[in-house]
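S.K.: Pasting a structure here, questions to come.
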Amino acid sequence: MIKKLIIIPMVLLFILAAYPSLAQSLNNSTNETNIRDASSPQESRSLANESDTSSTSFNESLQASVPNLSYIWSVTGIEPGQVIVVLKQGGRNLYGQAKYEPDSGQPWNGEVVGSVEGDSVDLVVTFQNGTEETATYLKGNFIDASQSIKGDLIKVSNGQITERSMFEAVWINPDISSYTPAVVPLPGAASAVASREARNSTPQISTENSTTAQSKSYFHDIHEDADRIMTGVGDISQIPIGMGGSGLA
């Protein structure tokens with residue numbers, strides 16, 4: 001029994017002496033696992049930071065590639081006079097209002113939607129002039145040197161293209177809060193004004209002329225009686241006393 005107890009430890013020593021690399025590899029594997037587990041949170045944070053940095057850089061580059069068009073603009077080409085457009089911007093999206101206030105003619109208010117991609121600008125201005133609704137498509141390029149937008153214009157009304165031309169927009173005010181819509185008369189206001197003008201232009205009978213006409217028919221002209229007395233023609237029964245005869249006693 002004692003011999004067996006002595007032999008077993010000797011066999012174990014012999015095995016360890018014969019295969020030292022096995023024990024070393026097991027220890028190395030365990031150490032690498034421990035090191036990897038210990039460094040894993042730091043590596044995760046590093047990857048997260050790199051992702052955030054790349055996302056921020058992408059957003060900054062995206063914003064840098066989109067010009068700022070949030071201004072009040074003066075646009076020529078849509079109407080004979082200037083059309084005022086206010087643009088608000090959210091990234092690539094553009095939206096706002098438009099108005100036309102001519103010295104003579106019908107003013108209108110409209111809505112604007114569009115987008116910007118690099119220097120390319122697309123806008124649609126929709127407005128109603130009287131009873132006719134018109135949509136105007138503006139496709140142009142933003143020119144940084146002149147701070148303007150120039151391009152082509154297509155106007156559509158009643159489902160038909162009514163005009164093809166060019167347009168130019170120049171910003172005139174960075175304070176978009178100062179924009180106010182045009183004052184447009186109500187549809188019934190024009191007819192009411194026309195009705196009043198028609199009534200005012202209707203010929204009226206003068207009171208003075210009417211009184212004169214009544215005077216002529218009411219008062220007796222004695223000159224007519226004198227003619228009848230001298231000729232003896234006509235009824236002289238209405239001649240006042242003292243107006244007939246020769247005047248001798």
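The values are calculated or read from the model by the stated rules, or taken from the named source; none is laboratory data. Owing to the predicted nature of the structure, the values given are computational and were not obtained by experimental measurement. Reconstructed Cβ throughout: ideal geometry from the backbone, glycine too, with neighbour counts over all protein chains shown.
S.K.: Given the criterion out of contact with any strand residue (DSSP E or B) (no Cβ under 8 Å at 6 or more places or on another chain) and among the hydrophobic types (A, V, I, L, M, F, W, C), identify the matching residue among V170, V183.
M.R.: V183
S.K.: Still on this structure, please answer the following. Give S120, S61 a once-over and let me know the one that is over 14 Å from the mean Cα position of the chain (by Cα) and at pLDDT below 95. If you could, list the steps in order and put the result at the bottom.
M.R.: Details: S120 fails: at pLDDT below 95.
Within the list S120, S61, the selection yields S61.
S.K.: Another question, if that's okay. For the range 103-162, enumerate the residues that are part of a strand (DSSP E or B), closer than 20 Å to N68 by Cβ and of a type in the set (G, A, S).
M.R.: Once the filter is applied, which keeps residues that are part of a strand (DSSP E or B), closer than 20 Å to N68 by Cβ and of a type in the set (G, A, S), the range 103-162 yields G114, S115, S120, G140, S148, G151.
S.K.: Right, another one. Name the residues in the range 132-190 that are more than 19 Å from L87 (Cβ to Cβ), of a type in the set (A, V, I, L, M) and assigned by TED's automatic domain parsing to the domain that holds G77, would you?
M.R.: A145, I154, V156, I161, M166
S.K.: What residue, among those in the range 153-173 that are under 16 Å from the mean Cα position of the chain (by Cα) and of a type outside the set (A, V, I, L, M), is nearest to V124 (Cα to Cα)?
M.R.: The extreme case among them is K155.
S.K.: Just checking, how many residues over the range 73-95 are without any contact (Cβ under 8 Å) to a residue 40 or more places away in the chain and over 17 Å from S165 (Cβ atoms)?
M.R.: Residues in the range 73-95 being without any contact (Cβ under 8 Å) to a residue 40 or more places away in the chain and over 17 Å from S165 (Cβ atoms): 7 in total.
S.K.: Another question about this same structure. Could you check the range 163-179 and list, in sequence order, the residues that are loosely packed, with under 13 Cβ neighbours inside 10 Å and outside any strand (DSSP E or B)? Break it down stepwise before answering.
M.R.: Going through the range 163-179, the residues loosely packed, with under 13 Cβ neighbours inside 10 Å turn out to be 164-166, 172, 174-175, 177-178.
Of everything in the range 163-179, those that are loosely packed, with under 13 Cβ neighbours inside 10 Å and outside any strand (DSSP E or B) turn out to be P174, D175, S177, S178.
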